[in-house]
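Peer 1: This structure is in structure tokens; I'll ask about it shortly.
The values are calculated or read from the model by the stated rules, or taken from the named source; none is laboratory data. Bear in mind that the values here come from a model prediction, so they are computed numbers and not experimental data. Don't worry about glycine lacking a Cβ; one is built from the backbone with ideal geometry, like all the others, and counts go over all protein chains shown.
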Amino acid sequence: MSGSNYTLKCPKCQAVNTVRGKAMTLAMTCSSCSVYFRVGNWDKTITPFHSAYEPALPLGTKGKIDGVVYEVMGFTVKKEQKYKYQWREYLLFNPFQGYAFLSEYDGHWNIIWPIENEPTKGTTKSDFYEGGVSYQLFQKYEAKVVYARGEFFFDVVDLTNSTLNREYIAPPFMYAVEESDDSVLWCKGEHITKQEVASAFNVQAKSLPTQKGIGYTQPVMGSIQSSTLINFTIFVFVALLISQFYFSSNAEETIVYQGTFYQSALGDQKFFVTPSFVLEGSSKSLTIDIEAPLQNDWFFGEFSLINEDNGTELIFTKDIEYYEGYDDEGRWTEGSSHGEAFLSKIPAGKYHINVYPEFSTSSHQFSLLVKRDVATMSNFFLAFVVLALFPAGYFIRKNLMERKRWSESDYSPYDSYE
Amino acid sequence: MNWDDFKGLKYYIAYAAVVIGFFVYSGATGWKWFNPTHTETEHNSGTGHHVGRSYIYHK
Amino acid sequence: MQRNEVYSCPQCQALNKATLSQTSILICKSCKSLIPDPQGHQALPDASPMPEDWSFLKLGSVCDLPQQSFTIVGRCRLQLRNEYKNFWCAEYASGKALYVVESFGSFAIFLSPWADYTKNASKLRAGKSIEISSDVTLTGEYVEKCEGLSFEGELGPWAFIKPGFFVVQASTGPKTAIFFIDPKKNIDYLLGEKITSDRLNFKNTIEWNEWK
């Protein structure tokens, strides 16, 4: 720390301490003997600490957060009085913005600053709404300062000991209120990543505490807002539905060939040849419906769709079978006497189909119905599933993380389900 | 909700745009993504009725 | 003390001109001593020298609002137990005084004159509802004892000149009031509005370049 001629003598060791915060500093620790003392004449108490802790952000370090340059003025280690866990707070200062806190617990950081107005109250005592977002009570605690170093603009030891704290969260944001008989101070906070802290204060990220578990304001996945994701997903599904509706209603389903073939007409030939038919327009689908009057029988055919313009041959097979009978449970059937072959992206041109049939002993005929430009629903369902993967994954992960997050709280909304 | 909220969704927006685009292209060209009808293509220089595998059968 | 009259400092003989229609405290710009009212009907304040702090306002800072501009002419700094409050007195509209109260980057502006609070003083507590009038009810934010007072420049109406009184701030939305409670006197308050420093658009301020 530099740039101040404002000094104070330690009431214990008489060492002269330079006071960075000038007259704004109301309590500080002695740079020589480390005791905590109040600056004002109204309280001469000296507080020693029994343990020493090292701040990850050295006092006097400057850092830029949201475009504001802050200097680290003070460092405290606080201990919750019921569960005895500890966390660390850094008091930051900027002459134009006032003070703010960087709080760190288990390697998770929040930037917290006092706010002018109390947030809007909700319907219950445990929550409230601000900016259309519901904040849930996460913790209520009393704490003590177990260590302090640096300068403070208030008596941090006395205030911490005398206030009841409540924290409400809507990750990555939080509201905190410190209440005592003499004051009600509301603060707003936001999760800040370890990397952002390291980058803001120009320290190595690896020198900051290691992250454990999930932070109580840590967002589920970066900066994604659930409501935005829901709204966008609805928009995407509507767009998909409209597209499918367009394709279904505009599918021409033109019959380009229809005919029946009899085994008796085959003679010594091995295949049937359909008359030529013309497919027009751009690439479209083509379906071949095969119908054979089967009764406990099968029909197999190998088909070649031949483009007479360029000789390209598209070969596919179709096996249809139909069985029926009676057993202990009554009548049963299996298979169908109808089959469909779907051919994708068939370009315009003059075509015919060669059919290489294999008849069984009792099956002797089949019919073909060839249609151009037939819509399919399966792409729609697949696209639906593919598009739902991300939001589904997000909400599954969010649910798991929220349960884990709230397992640290006495006010978990998940407790009632478990 | 404001436009900044969509920044967090940029990868999903790009992904959805690709999927929807692919869906529209497939719908326009009659491309069924998972088609149970398996096909093989053969190219032949002739243009008559008896080409490719048909020609083999025909022989 | 009258506007545009010049008063000689009894300590250093420097001449100080009053700019407010109603100046209650005038501190010599040269030697920082109190210049007593020549009428002689003024109790002497129990004040400490103005300490160094990080406020970016100074005497002569100008607030430029679209409908009005005003100039800072004086300050009373209240040292509270856990905070400080700078009551910056500003001159506007040819001699009128208003107060801009600042603490750690938060600002409130008070155009209305001091008023007496005649309701129940026990309500003036943190977290309690405080009714000012039938249409203004505020919530107490803090109660702090004033441990020290410092003055500089020129102040408009100002009755509390010795530390030891209690300060209560209460707000609802932008509306805010600051009460001064002296057990031996009546309770006075200022009613105004919280405002951001951006909106006040200060000019001629201290730059504090190391923070930029």
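Peer 1: If a residue has to be within 10 Å of another protein chain (Cβ to nearest Cβ) and in a loop (DSSP other than H, G, I, E, B) to count, how many in segment A:282-297 make the cut?
Peer 2: Of segment A:282-297, the ones within 10 Å of another protein chain (Cβ to nearest Cβ) are A:282-288.
Restricting the remaining residues to those that are in a loop (DSSP other than H, G, I, E, B) gives A:282-283.
Of the residues in that region, 2 qualify.
Peer 1: Please enumerate the residues belonging to segment A:340-380 that are within 14 Å of chain B (Cβ to nearest Cβ), farther than 28 Å from A:Asn310 by Cα and crowded, with 16+ Cβ neighbours inside 10 Å.
Peer 2: A:Asn379, A:Phe380
Peer 1: In segment A:266-281, how many are at pLDDT 90 or above, loosely packed, with under 10 Cβ neighbours inside 10 Å and farther than 17 Å from A:Leu369 by Cβ?
Peer 2: Final tally of qualifying residues: 0.
Peer 1: Looking for something charged (D, E, K, R) and more than 14 Å from every other protein chain (Cβ to nearest Cβ) - is there at least one such residue anywhere in segment C:172-182?
Peer 2: yes
Peer 1: Still on this structure, I have one more. Could you please let me know if A:Leu286 is free of Cβ contacts under 8 Å to residues at least 60 places away in the same chain, closer than 16 Å to A:His352 by Cα and aliphatic (A, V, I, L, M)? Steps first, please.
Peer 2: On the way: free of Cβ contacts under 8 Å to residues at least 60 places away in the same chain: no; closer than 16 Å to A:His352 by Cα: yes; aliphatic (A, V, I, L, M): yes.
Criteria not met by A:Leu286.
Peer 1: Within the group A:Tyr141, A:Tyr135, A:Tyr129, which residue is at pLDDT 95 or above and either within 24 Å of A:Met73 (Cβ to Cβ) or in the same structural domain as A:Phe37 (by TED's automatic domain parsing) (or both)?
Peer 2: A:Tyr141
Peer 1: Look through segment C:99-121, keep the residues that are under 15 Å from C:Leu190 (Cα atoms) and within 14 Å of another protein chain (Cβ to nearest Cβ), and return whichever of them is surrounded by the fewest Cβ atoms within 10 Å (Cβ to Cβ).
Peer 2: It comes out as C:Val101.
Peer 1: Another question, if that's okay. Just wondering, is there one or more residues in segment C:13-29 that are touching a Lys or Arg at 6+ places or on another chain (Cβ under 6 Å) and surrounded by fewer than 19 Cβ atoms within 10 Å (Cβ to Cβ)?
Peer 2: yes
Peer 1: Further question on the same structure: Considering only segment A:282-306, state which residues are surrounded by fewer than 21 Cβ atoms within 10 Å (Cβ to Cβ) and among the charged types (D, E, K, R).
Peer 2: Those that are surrounded by fewer than 21 Cβ atoms within 10 Å (Cβ to Cβ) and among the charged types (D, E, K, R): A:Asp289, A:Glu291, A:Asp297, A:Glu302.
Peer 1: Further question on the same structure: Would you confirm whether or not segment A:222-238 contains a residue that is at negative phi, more than 11 Å from chain B (Cβ to nearest Cβ) and either more than 28 Å from the chain's Cα centre (by Cα) or of a type in the set (Ser, Thr, Tyr) (or both)?
Peer 2: Scanning segment A:222-238, I find no residue that is at negative phi, more than 11 Å from chain B (Cβ to nearest Cβ) and either more than 28 Å from the chain's Cα centre (by Cα) or of a type in the set (Ser, Thr, Tyr) (or both), so the answer is no.
Peer 1: What's the total number of residues in segment A:63-90 that are more than 11 Å from chain C (Cβ to nearest Cβ) and either closer than 19 Å to A:Gly150 by Cβ or among the polar types (S, T, N, Q) (or both)?
Peer 2: 15
Peer 1: List the strands (runs of 3 or more DSSP E) inside segment A:136-197, counting only whole elements, that have at least 3 residues being closer than 18 Å to A:Leu59 by Cα.
Peer 2: Values: elements: A:143-152, A:164-170, A:173-179, A:184-192.
Hits in segment A:136-197: A:143-152.
Peer 1: What number of residues within segment A:97-114 satisfy the criterion of being within 14 Å of chain C (Cβ to nearest Cβ) and surrounded by fewer than 16 Cβ atoms within 10 Å (Cβ to Cβ)?
Peer 2: Residues flagged as within 14 Å of chain C (Cβ to nearest Cβ) and surrounded by fewer than 16 Cβ atoms within 10 Å (Cβ to Cβ) within segment A:97-114 amount to 0.
Peer 1: Might you check whether a residue that is at the interface with chain B (Cβ under 9 Å from one of its Cβ atoms) and either touching a helix residue (DSSP H, G or I) at 6+ places or on another chain (Cβ under 6 Å) or buried (at least 19 other Cβ atoms within 10 Å of the Cβ) (or both) occurs anywhere in segment A:255-265?
Peer 2: No: segment A:255-265 contains no residue that is at the interface with chain B (Cβ under 9 Å from one of its Cβ atoms) and either touching a helix residue (DSSP H, G or I) at 6+ places or on another chain (Cβ under 6 Å) or buried (at least 19 other Cβ atoms within 10 Å of the Cβ) (or both).
Peer 1: Let me ask another. Taking the stated definitions as given, is C:Phe151 under 30 Å from C:Asn4 (Cβ atoms) and either more than 14 Å from the chain's Cα centre (by Cα) or crowded, with 19+ Cβ neighbours inside 10 Å (or both)?
Peer 2: Against the criterion (under 30 Å from C:Asn4 (Cβ atoms) and either more than 14 Å from the chain's Cα centre (by Cα) or crowded, with 19+ Cβ neighbours inside 10 Å (or both)), C:Phe151 qualifies.
Peer 1: Next question. Determine whether A:Ser304 is polar (S, T, N, Q) and either within 9 Å of another protein chain (Cβ to nearest Cβ) or in a strand (DSSP E or B) (or both).
Peer 2: When the stated conditions are applied, A:Ser304 passes them.
Peer 1: While we're looking at this one, here's another question. Is there any pair linking a residue in segment C:82-98 that is closer than 24 Å to C:Pro51 by Cα and within 12 Å of another protein chain (Cβ to nearest Cβ) to one that is assigned to a strand (DSSP E or B) and among the polar types (S, T, N, Q), with Cβ under 7 Å and at least six apart or on different chains, and which?
Peer 2: Pairs found: C:Glu83/C:Ser103; C:Tyr84/C:Ser103; C:Lys85/C:Ser103; C:Asn86/C:Ser103.
Peer 1: Out of all the residues in segment A:216-241, which are aliphatic (A, V, I, L, M), farther than 20 Å from B:Val18 by Cβ and not in a loop (DSSP other than H, G, I, E, B)?
Peer 2: The one that is aliphatic (A, V, I, L, M), farther than 20 Å from B:Val18 by Cβ and not in a loop (DSSP other than H, G, I, E, B): A:Ile230.
Peer 1: Hey, any hits in segment A:307-315 for a residue that's surrounded by fewer than 21 Cβ atoms within 10 Å (Cβ to Cβ) and away from every other protein chain (no Cβ under 14 Å)?
Peer 2: Checked segment A:307-315: no residue is surrounded by fewer than 21 Cβ atoms within 10 Å (Cβ to Cβ) and away from every other protein chain (no Cβ under 14 Å).
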